[in-house]
1. Please name which of Phe73, Ala102, Ala117 has its Cα lying farthest along the dipole of the range 47-119 towards the positive end, using unit charges on Cβ (Lys, Arg +1; Asp, Glu -1) and the Cα centre as origin.
2. With labels modelled as points extended 7 Å from the Cα through the Cβ direction, what inter-label distance (nm, one decimal) is found for Ala64 paired with Ala91?
3. Leaving ligands, DNA and RNA out of it, report the carbon-plus-sulfur percent of the accessible area of the range 119-228 at a 1.4 Å probe.
4. Sort Met157, Met216 by heavy-atom solvent-accessible area, probe 1.4 angstrom, most to least.
5. Could you size up the charge dipole of the chain around its Cα centre, putting +1 on the beta carbon of Lys and Arg and -1 on that of Asp and Glu, and report it in debye to the nearest 20?
6. Could you compute how much accessible surface Cys199 exposes when probed at 1.4 Å, giving the result in Å² to the nearest 10?
7. Please work out the average accessible area per residue across the chain, using the 1.4 Å probe convention, and give it in Å².
8. Taking a 1.4 Å probe, which of Ile208, Ile221, Ile142 shows the most accessible area, and what order do the others take after it?
Amino acid sequence: MQYEGEAYRDLGWAKIDTGRPARTGAAEAVYAAGKTPEQVVGALAALREAHPSRVAVATRCDEACVAAVREAFGDEVLVEAGVCAIGAFPAPESGLLAVVCAGTSDLPVAREAEIVARANGIDARLVADVGVAGLHRLLDKIADLREAACLIVVAGMDGALPSVVAGLVGAPVVAVPTSVGYGAAFGGLAPLLTMLNSCSPGVVVVNIDNGFGAAMAAARILGVKAAQ
């Protein structure tokens, strides 16, 4: 016996999970790395056809992929930080999500999280360049951060920012380590371990550079459901 949540569209080289919103409340996104531009366009087209009322998203798009998506979808496309989003962003249906970024070098990951969150009906606002090397910059934003129902905190190097933020706010914190840093940062391993060992309660951690995963975790925390 089948039910709506089992639906998918077989493109030959991929099976697009069109039933995912019915099962999980969030639609499938396209991870563009390792795919050809034509494959990314084909997957996005299938998602748009299956769910025309919502934004179709592809992450980790390179220049060739972006060019192909722009050619295929024209003015419908928003491109930011390697994310291609096709369709009008929905009105926010959740509490505020703050996306907090330690340094300017971490911005691409933070922007990925922000765009994906907005595409999924979340009121996401970016607070950038407030890392622990200049803690006064963060303290100037604490009143704003305390209004958020959830926070994504993105940091590389020592990865200390999520612990600091989680000690100052009452909302859940989704920590994102980035691969930014010198040699002993080990491509993001050092901040990942710092975040996993946080002494501040209420911190959960996603994989290195995984802004998409952080946004989807925030969507579940905030109880956002995708349009069918």
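The values are calculated or read from the model by the stated rules, or taken from the named source; none is laboratory data. All values derive from a computational prediction rather than experimental measurement. Neighbour counts run over all protein chains shown; Cβ positions are idealised from the backbone, glycine included. What goes into the accessible areas is simple: the full protein's heavy atoms, side chains included, and nothing from ligands, DNA or RNA. Shrake-Rupley method; radii C 1.70, N 1.55, O 1.52, S 1.80 Å.
1. Selected residue: Ala117.
2. 4.3 nm
3. Details: 2870 of 4980 Å².
Whole-percent figure for carbon plus sulfur exposure: 58.
4. Numbers: Met157 105, Met216 35 Å².
From most exposed to least exposed: Met157, Met216.
5. Details: 17 positive and 24 negative charges, 87 e Å.
That gives the chain a dipole magnitude of about 420 debye.
6. 130 Å²
7. Details: 10640 Å² over 228 residues.
Counting only protein heavy atoms, the per-residue value for the chain is 47 Å².
8. Working: Ile208 50, Ile221 75, Ile142 15 Å².
Ranking Ile208, Ile221, Ile142 by accessible area, largest first, yields Ile221, Ile208, Ile142.
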